[in-house]
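Computed from the coordinates by the stated procedures, all read-outs in this text should not be read as laboratory data. Just so you know, these numbers come straight off a predicted model, no measurement behind them. We place every Cβ from the backbone using ideal geometry, glycine too, and count neighbours over all the protein chains shown.
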Amino acid sequence: MKNKLLGICLGLFSLITYANDSTGYVSTGGIKYIKNKNIAMESEDLYISEKKIDVAYQFRNLTNRDITETILFPLPAFGNDERDGDFADVEALLNSFRVKVNGYAIKPARHVNIVFPQNEAGNKFTDITSILAKCGVSEKLLLDSWKHKIDSTVVNEKIAACSNQTLQKLLNSYGNWENNWLVKVTYSWQQTFKAHSVTKVEHHYEPLVGGGFAVTQGLDRFCTDKNFNQKLSSLRKKNGNPPLFLTRELSYVLTTGANWAKPIGKFTLTIERKPNELVSLCWDKSLKKISATQFRAVKTNFIPKKDIDIVFIN
């Protein structure tokens, strides 16, 4: 997960990322994703606000046989170089995460992994969970690190003391490995899609929202429009130069929705802001204002090619 700066920040906060469902499998090497050619996502209804994220899917099995897959849902990956961030209440996210299938609540499995990113984009990882488990790095220890309940030096000491040759070779490839590892939390569950039938899946959870006080420069990545910029200009005149604004940012990984057999049949995106708050994200003209606080976009046969980054400014 990459940090993003909003202007000249008084505090640095991370852009928190969430993801669409995808199918795959869980192995000692980490989480793997596959493209499913037999299951289509007929619809996705995505609601995003600073307080909650609700997602409702309808999947259709295109074959004449039942298919069982492992469904994966990754949470943000955190590292010890992000401890100064305002991660709100990370435990609230874990406690609030709910899954329903065809209206019935299920309890997904939770996987906690420690990884090293292989590239700057942060989309490829080397999983060292199984190696470190033999060196006393337990799932509880990693989860406490993800929740920021312990200092990262506790994990660093155990990594440094681990004599595994593969691990030591990996550590030697990093100039500053103490600040490079990440902890990833992923939910998974076995899902059976009945032949020629629709399966309804819902997620509900409280998002982690990065933010801080910042001057509003460098907002291009959120595709601010003329109306947004005019309102900011008006606020600047009222509050002096440079004014400080309370900014809140979050991101939703939408592109994994392209892992299914067909384009998403009907995609609905609803963004809700607080009253008197500005909001901006990169989207096309399908996003319309439907109330004083809500915006909505509806697309058919939709292939998501970009993820969603949103900024809220109070």
**Q.** Calculated from backbone phi, Karplus (6.51, -1.76, 1.60) coupling profile of the range 157-170 in Hz, x at Gly/Pro
**A.** 5, 6, 5, 5, 7, 6, 8, 4, 5, 4, 5, 4, 5, 5
(Q) Given points 7 Å out from each Cα along the Cα-Cβ axis, report the residue 246 to residue 92 separation in nanometres with one decimal. (A) 1.3
Q) Hey, quick one: spin label on residue 150, modelled 7 Å out along Cα-Cβ, who in the range 156-195 has an amide N within reach, i.e. under 11 Å? A) 156-159
Q. So what does log10 I(q)/I(0) come out to for the range 250-314 at q = 0.20, 0.29, 0.30 Å⁻¹, using the Debye formula with one equal point on every Cα and no solvent?
A. -0.83, -1.37, -1.41
Q. Roughly what would the spin-label model give for residue 126 and residue 231, points 7 Å off Cα along C-beta, in nm?
A. 4.7
Q) What full-extension length gain, to one decimal in nm, is calculated for residue 192 and residue 135 as 0.36 nm per residue of separation minus the Cα-Cα distance? A) 16.8 nm
Q) In the range 170-193, which residues have a backbone nitrogen under 13 Å from the label point lying 7 Å from residue 157's Cα in the Cα-to-Cβ direction? A) none
Q.
Within the range 267-290, name every residue whose backbone N is under 18 Å away from a label modeled 7 Å from Cα of residue 56 along the Cβ vector.
A. 267-272
